[in-house]
Each structure stands twice: as C-alpha cells, then as structure tokens.
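S.K.: Handing you a structure now.
Just so it is clear, none of the values below were taken in a lab; they were calculated from the coordinates. Since the structure is predicted, the reported quantities are computational estimates derived from the model, not experimental observations. Every residue, glycine among them, receives a Cβ derived from its backbone with ideal geometry; neighbour counts consider all protein chains shown.
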Amino acid sequence: MGPRVVVIGGGLAGLATAHHLLRARPDLELTLLDGAARPGGKVRQQTVGGVRVDVGAESVVASSVAARELFAELGLAEQVVHPEPVPASFWSRGGRHAIPGRTFMGVPGPQTDLTGLLDEGEVARAAQPAPFALESEDVTIADAVGTVYGRAVVDRVVEPLLGGVYAGRVDHLSLRSTMPALWAAMAGGRSMPTAVESLLPPPHATPRPRVMGLAGGIGVLVEALHRSVVDAGGRIETGALVRRLERTPTGWRVVSGATNAEVAREADVIVVATPAAATSRLLADHAAAAASALAGIEYASMAVITIALPTVTAPPLPGSGFLVPAVDGRPIKASTFSASKWAWVREAADDVVLLRASAGRAGEVVTLQRDDTELIADALAEIGRALGVDLPRPVDAHVQRWGGGLPQYDLGHTGRVAAVRSAVAGVPGLEVTGAAYDGVGIGAVLTDAAATATTILDTLPPSSTTRQEPR
C-alpha cells in the first residue's frame, strides 16, 4: 500500500477530497472518518409526500468548473439540470415585486431599475450613487452599499439575496469575502456602479442559468462520491468522532471513538474537513494561530421546511418562489416552489405539489426555538399571505434543522483565512478544507477540495499507479 491518508469530516469537502486523491493515487491507504451517522454534511435528502428531495443545499452555481468536472468524473453529466425559466420575486412591504435585473448579487449597476420595489425617495437616492473608495482591508456590505446607494438598497435588495446564501446580516458580512469579484473590480479605482457593470454580461446577451442541479437532487452527488471512494478502495466510517490528533515520529495519530473505546489510526497525511469550531479544537496543539483564527468564525443556524400540498386543491404558484427582507420581521426568509423550479420534482410528484420555506438568520434565536409543528404552521401561513390565498392542509411535511449550518464571512474574514492557511502550511502532512474558508456554496467547496487534493498529491512520493490529478 501507498501513503496513509485520513480525511476527517464526511461532508462534500471531505468526500470530494477523498475522491480526487484516490482517483489520482489508487495506491493510497485512505480512510474517511465522519462523526455523523451518515456522510454528506449539509447535503441531505428526505422523502416528503412520496418524493425524495433535498432538504439542505439544492443547487450549484452554474459557472462552477470544479462542479462540472466532478459531475463528469462521477458519470453525472447527463443528470445536470437547470431551473425552469420562471422568475422568483421579493415579498417586501406586503407585496410581491420582481427581482431587479442588472445587479451583481443584488448590488445595482447603472441600468438597474428599482421602481416599484423601493419608494420614490429611495429610488431617487439610489439613482444618485455616492462615491466610495476601498481604503481599508475590508468593509461590511452594509457600509459599502449603503454609502453608495442608500440603506433601502441594502435592506430590500442585497440582504434578501444574500440571506439565502449565508443566513447572515449585511451589517456584519464582509464585502471582500462574500463578493470577491466586486471587491477586485473596485480595487482598481472603479466606482461601485461601474464595477458592477463590468461583471455583468452585455445587456442584450442571451440569459444563461445562474444555477444548476441534478435530476434526483444534489443528494445524488453524495451517493456518487460515496461509491467512488469505496470502489477505489477507500474506507468510510461513520459515527467516528475524532477526539484528538497526535504527532508521531513518522506523521500523525488520529484518535476517534468513545472515550472508553478509543481507536487510534496512523497517518502520513491528514485532511481536516470539519466546521470551524471542530477544526479549531483539533488544531489547537499543532497550529495555534490557525486554531485561534478558526475560533473567530461564527455560524448561523437555520431550518428548511418542506411541504407537500395535495395537487387537487393546491393554488397556482406564481414563479419559482420569493425572498423576504429581514427588515420586514417575518418568520421565514424565503420560499421555493420546488415543483415550479425543478422539472424533475414536478415529474416525480404525481399527486402532490412540493414547496419549501427557510427560516433562521445569524443572531436569530427565537424563531428556531419553535417546535416543528409551529414552524410548519408559520411557513404555510406566510406563503399563503404572500400569495393572497389560504393553502390547503398539507399531506406531508418535514423540518430539517441545521444547527450551526452556515459559516459567517464577517468583517475581516479574509485575514482569518490567511492566518489559517499560513499556520497550516507550516505543519507537515496537514491540510484543511471546507465551507469555512473561501466560499460557502457547493461550487466553492468543491473548488477548494480539488485544490486541497492537488496540494497533497504534490507532496507525496511518486507512484507507478498514478492517474490524472484533479484540475
């Protein structure tokens, strides 16, 4: 056998890293340890109304090269699907409004029309953008966008769009870390409107899907990665909580299991692909600066409520769903009409209409203290209010709670990540990967996993059975 690798954490980052390593080096003695009962992390599926659907992440940014390459490697390229061409909307101030075009993650450009979504005074303010220069190492989204366009654009355009990605607060989220492309475009001295315009396709270009999924759901990706790792000779052990890491003369010792039944494994290389708090704990004795920086990354909790309505009494669902500004104080932050958004969901559901809602933002505690029955009732009531109808009693519903589910890229996040990367680079045989670093979306996580695998492969001795490295 070849070098011994232990991957700690069985979310997409850990699974994808293991896949890439074994694809390039089938001689590796690779073990993946996950403390949960099942791999997949924040990607999970549940049968609701007789249809197996995603109850966590459900899509990937369509421009992700890492995702498309991974789909191809796993034989999933033919299962790639895009949302139906139906628009989403904002439910703001009691009415539904079209999401403005010509924005970058909600930040307006010179041609963005905010009429109807904002009142006359707010539209007039946004139409007179104030100058703003990047004069510090970082700035919050609220400070930057609010200075240029006014607070209403922050609260009613940018925040709802980012809420689904980070479940965060724009008064704390870092512009540099959440919108690195915009930061880079402004770093050369461009104004914010001009920088936004430079990032958008030509006004009359054929629209392209912004996200993609898989027929059968993103959960299919987890299953395919699991098969790939096992078929390549890797071992995946669930319920294996890693308690500590120990240095040895030849590498590492990974200790997992119950305190009265610990299991120790020797490794030449370890990859820590767990959330920030767990990673901080494991690295405390080996990369103190990294552990300290990781301890500064907060996480937001949220819940995804999936509802199956009877087809015969379900009302028409306009568009693919709606987003809700936090400033309106409603108990949900978004709703997705799954049967309208994804053709595969509609085709799989003969007698039910599936939709879902999400609740919970950073700093919100009261909302998620409600029990499942109350969360379902809230979701039904709020969706009904948004549509102006009374929804029928659901035939099935499921609440998936994600405690500490989304890392918050708050002000200074880039510096924290740099500190982690620098400290880890100084420890032989140690790598970290995951959503805590350079992007919370699936595409960013897969990109980081591929890069992590490449870094490891570059340090390993050559093997006669070496295959293609991840690109």
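S.K.: Kyte-Doolittle mean at least -0.5 and Cα extent at least 24 Å along the axis: which DSSP H helices of the chain qualify? Walk me through the numbers on the way to the answer.
M.R.: Numbers: long enough: 442-459 (26 Å, 1.05).
Length and hydropathy pass: 442-459.
S.K.: Still on this structure, please answer the following. Considering only the other residues whose Cβ falls under 15 Å of the Cβ of residue 125, what net charge follows from Lys and Arg at +1 and Asp and Glu at -1? Each step should come with its number before you reach the end.
M.R.: Numbers: positive: 151, 156; negative: 113, 119, 120, 122, 155.
Charge balance near residue 125 sits at -3.
S.K.: Would you kindly give the portion of the calculated P(r) for the range 317-410 that falls above 23 Å, as a percent of all Cα pairs? Mind showing how you got there, number by number?
M.R.: On the way: 1182 of 4371 pairs.
That fraction is 27 percent.
S.K.: Helix-only mean residue ellipticity at 222 nm, the chain, DSSP H runs n ≥ 4 weighted -39,500 (n - 2.57), per residue, nearest 500. What is it? If you can, show how the numbers build up before the last one.
M.R.: Working: 16 runs with 152 residues, N = 471.
Per the formula, -9500 deg cm²/dmol.
S.K.: Right, something else. In cubic angstrom, how much convex hull volume per residue do the alpha carbon atoms of the range 385-471 span? Before the final figure, lay out the partial values.
M.R.: On the way: hull volume 17.4 nm³, N = 87.
Cα convex hull per residue, to the nearest whole number: 200 Å³.
S.K.: Same structure again: So if I average 1/r over every pair of distinct C-alpha atoms in the range 177-304 and take the inverse, what Kirkwood radius in Å does that give? Don't skip to the end; give the middle numbers.
M.R.: Working: mean 1/r = 0.0509 Å⁻¹.
That comes to 19.7 Å for the range 177-304.
S.K.: Rounded to a whole number of µm²/s, how large is the Stokes-Einstein D of the range 143-220 at 20 °C and 1.002 mPa s, given Rh as the Kirkwood radius over C-alpha pairs? Don't skip to the answer; put the middle values down first.
M.R.: On the way: Rh = 14.6 Å.
Translational diffusion coefficient: 146 µm²/s.
S.K.: Grab the alpha carbons of the range 238-330, take their convex hull, and tell me the volume per residue in Å³. Kindly include the intermediate steps, with their values, before the conclusion.
M.R.: On the way: hull volume 20.3 nm³, N = 93.
Spread over its residues, the Cα hull of the range 238-330 gives 219 Å³ apiece.
S.K.: Hey, can you grab everything whose amide H is under 5 Å from the amide H of residue 396? Only 5+ residues off in sequence or another chain; H modelled, so Pro and N-termini drop out.
M.R.: Answer set, sorted by chain and number: 308.
S.K.: If I histogram all Cα-Cα distances within the range 24-108 using bins 10 Å wide from 0, what percent of pairs lands in each bin?
M.R.: 11, 25, 35, 19, 7, 2, 0
S.K.: Just the Kirkwood number for the range 53-97, please: inverse of mean 1/r across all distinct Cα pairs, in Å, one decimal.
M.R.: Working: mean 1/r = 0.0753 Å⁻¹.
The Cα-based Kirkwood calculation yields 13.3 Å.
S.K.: In whole Å and largest first, what semi-axes does the C-alpha gyration tensor of the range 103-199 yield when each eigenvalue is scaled by 5 and square-rooted?
M.R.: On the way: eigenvalues 71, 51, 27 Å².
With the √(5λ) rule applied to the range 103-199, the semi-axes are 19, 16, 12 Å.
S.K.: At a temperature of 4 °C and a viscosity of 1.567 mPa s, determine how fast the chain diffuses translationally according to Stokes-Einstein, using the Kirkwood radius over alpha-carbon pairs as Rh; express D in µm²/s, rounded to the nearest whole number. Mind dumping the intermediate values first?
M.R.: Details: Rh = 23.4 Å.
Translational diffusion coefficient: 55 µm²/s.
S.K.: One quarter of the convex hull surface, Cα atoms only: what value does that give for the range 266-386 in nm²? Walk me through the numbers on the way to the answer.
M.R.: Values: hull surface 46.8 nm².
Approximately 11.7 nm², given one-decimal rounding.
S.K.: Estimate the FRET efficiency between residue 237 and residue 84 by the formula 1/(1 + (r/R0)^6), using the beta-carbon distance for r and 41 Å for R0, to the nearest 0.05. Numbers along the way, then the final one.
M.R.: On the way: r = 40 Å, r/R0 = 0.97.
Computed FRET efficiency for residue 237 and residue 84 comes out at 0.55.
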